[in-house]
Amino acid sequence: MAKLVYLYGIIPKNDSYKEKLSTMKGLDDFHEIHTIPFQETEAVICHLDEVQYGEKELEKKTNDVKWVHEKAFHHHEILMKLYEEFPIIPMKFCTIYSGEESLAKKLDAHQENMIELLEFIKDKEEWIMKIYCDPSKVRENVSEQNTTIDQKRKEIGEMSPGRQYLEKRKLDQLIDQEADREKDSFASNIHEALASISLQNEVKKNWNKDVTGRTEEMCWNSVYMLKNTAVDDFLNHVKELQDKWEPSGWQIEVTGPWPSYHYAKIG
Amino acid sequence: MSHRREFENKEVGLIDILDVVLDKGVAIKGDLILSIAGIDLVYLDLRVLISSVETLIESNQEAAEQLSSKRFDQEKEELNHVINGA
């Protein structure tokens, strides 16, 4: 029976970890995780049964939230274990090849690029920052402190009740806009300060509350590639910013170091 | 002083994990099977994943809907008040 190949990541050629890996179970909780050598690199994989993990079956599985959560976490956990030991080019969740042969072709074609990437990430770390805020608190502050809004409010106070109603609605919209602007400008200032310490950085998409399941609103999400030697500086900076802004309801959260999902990608 | 210990490898939320392991490298394609240089590479459709994440919080959404209909009632009342009062 043909076996699919689930690829976790690519690590440099090395013999010292074989035993460690063989004790880990793969995505299906059955096949063992092992490596396949490709020239100067090794692919960390596990086999998957084609009947259970073929295209159609996989699609069904991904509609099951519980499955996605459990398996995405498994993927993450394995990657973190590998990352503790070696530089690694991490793959995205559910990178599956139709067989060892197709994996080999892909890896042969990218061998040079992979070696360069492994060299590049060796002395670097990837960190992620997310900023959360309490939207009603931001709105309240804007409503109290913005001079344009204050002026507008005074004008409305002198209008007839019917007119007041409409104008108040408009003012509410203005406050919303100003609050959004405030979130963005606050977060991008923080980002600029951290970005200046990084080699590379990227602003990512904000996830809405339905996905994060949090009451606070995510108003910034970005990733930084840092030299090892700059990490302390980066984190000190974060700590200062946290201490400074937490009392006003801004939560600056950093996670890392992550396997380099953003800066070690093969085409 | 180093704050590394305070931040490093602390517990991360599911959203932090999904945020990195799914990401947009996959999203742009949107197809279940990508053909890279003629080789079959099975990939998940990110939209499928996102939607499955979203179903998890369906209950949250229901709560949000209730909230918005409550808000609607409130606004209606305000409007009536203005019309009657004006």
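The values are calculated or read from the model by the stated rules, or taken from the named source; none is laboratory data. A quick note: this is a predicted structure, and the numbers were derived from the prediction, not measured. Neighbour counts are summed over all protein chains in view; Cβ atoms, including those assigned to glycine, are modelled from backbone coordinates with ideal geometry.
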task = Please go through the stretch A:222-244 and pick out each residue that is surrounded by fewer than 20 Cβ atoms within 10 Å (Cβ to Cβ) and in contact with a helix residue (DSSP H, G or I) (Cβ under 8 Å, 6 or more places away or on another chain).
result = A:Asp232, A:His237, A:Lys239, A:Leu241
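If I ask for residues that are assigned to a loop (DSSP other than H, G, I, E, B) and not hydrophobic (A, V, I, L, M, F, W, C), which ones from the stretch A:24-54 would you list?
So the first thing to find is which residues in the stretch A:24-54 are assigned to a loop (DSSP other than H, G, I, E, B), and the list is A:24, A:26-31, A:33, A:39-40, A:54.
Selection gives A:Gly26, A:Asp28, A:Asp29, A:His31, A:Gln39, A:Glu40, A:Gly54.
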request  = Taking the residues in the stretch A:142-175 that are among the polar types (S, T, N, Q) and surrounded by 16 or more Cβ atoms within 10 Å (Cβ to Cβ) as candidates, determine which candidate is farthest from A:Trp250 (Cα to Cα).
outcome  = A:Gln164
ask   = Would you say A:Trp207 is within 11 Å of chain B (Cβ to nearest Cβ), of a type in the set (Phe, Trp, Tyr) and surrounded by 14 or more Cβ atoms within 10 Å (Cβ to Cβ)?
value = yes
task = Out of A:Met80, A:Met24, report the one residue that is surrounded by fewer than 18 Cβ atoms within 10 Å (Cβ to Cβ), under 27 Å from A:Tyr263 (Cα atoms), modelled with pLDDT under 90 and of a type in the set (A, V, I, L, M, F, W, C).
result = A:Met24
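Just to be sure I understand, how many residues within the stretch A:118-141 are within 14 Å of chain B (Cβ to nearest Cβ), more than 20 Å from the chain's Cα centre (by Cα) and crowded, with 21+ Cβ neighbours inside 10 Å?
Looking only at that region, the number is 0.
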ask   = Does the stretch A:30-39 include one or more residues that are buried (at least 21 other Cβ atoms within 10 Å of the Cβ), within 23 Å of the chain's Cα centre (by Cα) and aliphatic (A, V, I, L, M)?
value = no
request  = Could you tell me which numbered condition A:His191 fails, if it satisfies all but one of (1) within 8 Å of chain B (Cβ to nearest Cβ); (2) closer than 20 Å to A:Lys124 by Cα; (3) in a helix (DSSP H, G or I); (4) under 17 Å from the mean Cα position of the chain (by Cα)?
outcome  = (1)
task = Please specify each residue of the stretch A:106-136 satisfying the condition of being farther than 13 Å from A:Tyr224 by Cβ and not in a helix (DSSP H, G or I).
result = A:His110, A:Lys122, A:Asp123, A:Ile131, A:Tyr132, A:Cys133, A:Asp134
inquiry  = Give me the residue from the stretch A:237-266 that is within 8 Å of another protein chain (Cβ to nearest Cβ) and more than 15 Å from A:Glu125 (Cβ to Cβ) and, out of that set, modelled with the lowest pLDDT.
reply    = A:Lys265
ask   = Within the stretch A:9-19, is there a residue that is in a loop (DSSP other than H, G, I, E, B), within 25 Å of the chain's Cα centre (by Cα), at pLDDT 90 or above and hydrophobic (A, V, I, L, M, F, W, C)?
value = no
ask   = Looking at the stretch A:84-105, which of its residues are crowded, with 21+ Cβ neighbours inside 10 Å and assigned to a helix (DSSP H, G or I)?
value = A:Leu103
